[in-house]
Amino acid sequence: MGDRSEDGVESGLSQAIRLALSSDGGPAEKILACQAALRDHPAGEGEGALLALVLNTLGEELLHDRISRQDTAFRLKTLMRQLTGREPLRLTGEAAAMDVLLARALGAMSKRAARGIFDGAHYLARYPDIAAARVDPLAHFIAGGGAEGRYPADLAQVLPGAMRNLPRDLAALGQADPAYPETLSPALRDEAMAVLHRARPRVSVILPSYNRARLLPHAVLSALLQSWPAHEVLVVDDGSTDGSADLLEARFAAPIETGQLRVIRSQNRGVSAARNLGLAAASGDVIAYLDSDNRWEPDHLLYALSGLISGGADCAYTAVARHDLEGGWSDILFRPFDAQALREENFIDLNGFVHRRGLHDRLGGFDEALTRLVDWDLVLRYTAAAPPVAVPVITTIYALAERGIGNLSFTVGLEPNLARIRQKHGIG
């Protein structure tokens, strides 16, 4: 850090910064300690720039710590709601009393009649302790299993929709409530992966960025670490002045060398022009979008693409978890597709949206006259002829904050863009 004088003695500022960075405090405490060191020890030549880099790195760590904390808390709450809606291992309350009555009724029936109601195979699969004991499942249920609240059959199959199970296959996924990928069954994930191995889609990810050095590396990393790898991640640097492009080229030299990551530098022309530049350079047959203030779950492309392909559609979308870091609220942006509802308000976030390249070739890219609501305009055009596939899997994390992130919703006016959208699409 220009940290030693000609006689090899460490400068006062360098020593203070080293101590601040090696402390046990979090990023916020380290930033304060570095700022105090700068006040107490004036920076020498070169030290000021290096200290600015240190503070920027700590600021990046602090911002992502805030995002991770809020996302983790919301994820836990969501998972708990889902778990309370799933089938318990044993029936309770009035359902348990009905189980006892059923056991008595089965005991009075012939074995042939009883086996027409009782599902022995399901019983053994659901209760490994009974299977290990090698007892007759029907006899066990009659003797005591009913009183213990054990399930006599797969109730979700007896009366579909009565039990709030998580989906077991891709066909059932579209009817489910939004869920995090880790709650879905391994069999469903395997089925999704098999769909992609058969189709072998080549995906181009378009990622525009302007002065987002603190956020951009995390977004890029989430795009590179997908369980179904992107063919290419195209980062379009829209004339940034904070060294974003240089930072990426230093941190991601390996994927840049292989061609999986490309950094495209351009003059500052706005987000729509940046995305169009990325679309012009894309070589994939499917396009996905990621913004620098978002990140993907590792299975985002897996579920978005398997929904697109298995549904035989031109486009698809997943659910997005939104976190307002300053307002302290979180929610899930998702609803089944409804063309009229989409005209009233956008519920399809571009970061969860994927489409075939042919849509862009036929309908064009982003409206460069728009500076906000650009995703709504594109989605309205791309879904006008045929509905997209709605994939209720939460695969995108979106953080909002006026300070620290400066999302477009805070920095760009709404009304002129809303008026243009309404005029273009005949929305009253």
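For segment 260-268, does any single residue satisfy the condition of being more than 30 Å from residue 175 (Cα to Cα), among the polar types (S, T, N, Q), in contact with a Ser or Thr (Cβ under 6 Å, 6 or more places away or on another chain) and assigned by TED's automatic domain parsing to the domain that holds residue 376? No, segment 260-268 contains no residue that is more than 30 Å from residue 175 (Cα to Cα), among the polar types (S, T, N, Q), in contact with a Ser or Thr (Cβ under 6 Å, 6 or more places away or on another chain) and assigned by TED's automatic domain parsing to the domain that holds residue 376.
Taking segment 164-214 as the range and being in a loop (DSSP other than H, G, I, E, B) and either under 16 Å from residue 298 (Cα atoms) or free of Cβ contacts under 8 Å to residues at least 24 places away in the same chain (or both) as the test, the residues that pass are 167, 168, 169, 175, 180, 184, 185, 200.
Number of residues in segment 307-351 that are β-branched (Val, Ile, Thr) and either assigned to a helix (DSSP H, G or I) or within 16 Å of residue 385 (Cβ to Cβ) (or both) equals 2. For segment 223-254, the set of residues classified as assigned to a loop (DSSP other than H, G, I, E, B) and within 30 Å of residue 196 (Cβ to Cβ) consists of 225, 226, 227, 228, 229, 230, 231, 252, listed by residue number.
The set of residues from segment 137-173 being within 22 Å of the chain's Cα centre (by Cα), modelled with pLDDT of 85 or more and surrounded by 15 or more Cβ atoms within 10 Å (Cβ to Cβ) comprises 170, 173.
The residues on offer are 293, 190, and the sole one that is within 20 Å of the chain's Cα centre (by Cα) and crowded, with 19+ Cβ neighbours inside 10 Å is 293. Within segment 361-370, at least one residue is surrounded by 13 or more Cβ atoms within 10 Å (Cβ to Cβ), at pLDDT 95 or above, more than 19 Å from residue 207 (Cα to Cα) and assigned by TED's automatic domain parsing to the domain that holds residue 300. Suppose the filter is at pLDDT 80 or above, part of a helix (DSSP H, G or I) and among the β-branched types (Val, Ile, Thr); does residue 130 pass it? Yes; evaluated as a whole, the condition is true for this residue. Filtering segment 207-215 for residues that are surrounded by fewer than 24 Cβ atoms within 10 Å (Cβ to Cβ), on the phi > 0 side of the Ramachandran plot, assigned by TED's automatic domain parsing to the domain that holds residue 370 and in contact with an Asp or Glu (Cβ under 7 Å, 6 or more places away or on another chain) leaves a non-empty set. Kindly indicate whether any position in segment 304-324 is hydrophobic (A, V, I, L, M, F, W, C) and farther than 25 Å from residue 189 by Cβ. No, because not a single residue in segment 304-324 is hydrophobic (A, V, I, L, M, F, W, C) and farther than 25 Å from residue 189 by Cβ.
Taken together, the residues in segment 283-306 that are over 22 Å from residue 369 (Cβ atoms) and either assigned to a loop (DSSP other than H, G, I, E, B) or acidic (Asp, Glu) (or both) amount to 9.
The values are calculated or read from the model by the stated rules, or taken from the named source; none is laboratory data. Just so it is clear, the structure is predicted and the values come from calculations on it, not from any experiment. Note that we place each Cβ from the backbone using ideal geometry, even for glycine, and neighbour counts take in every protein chain shown.
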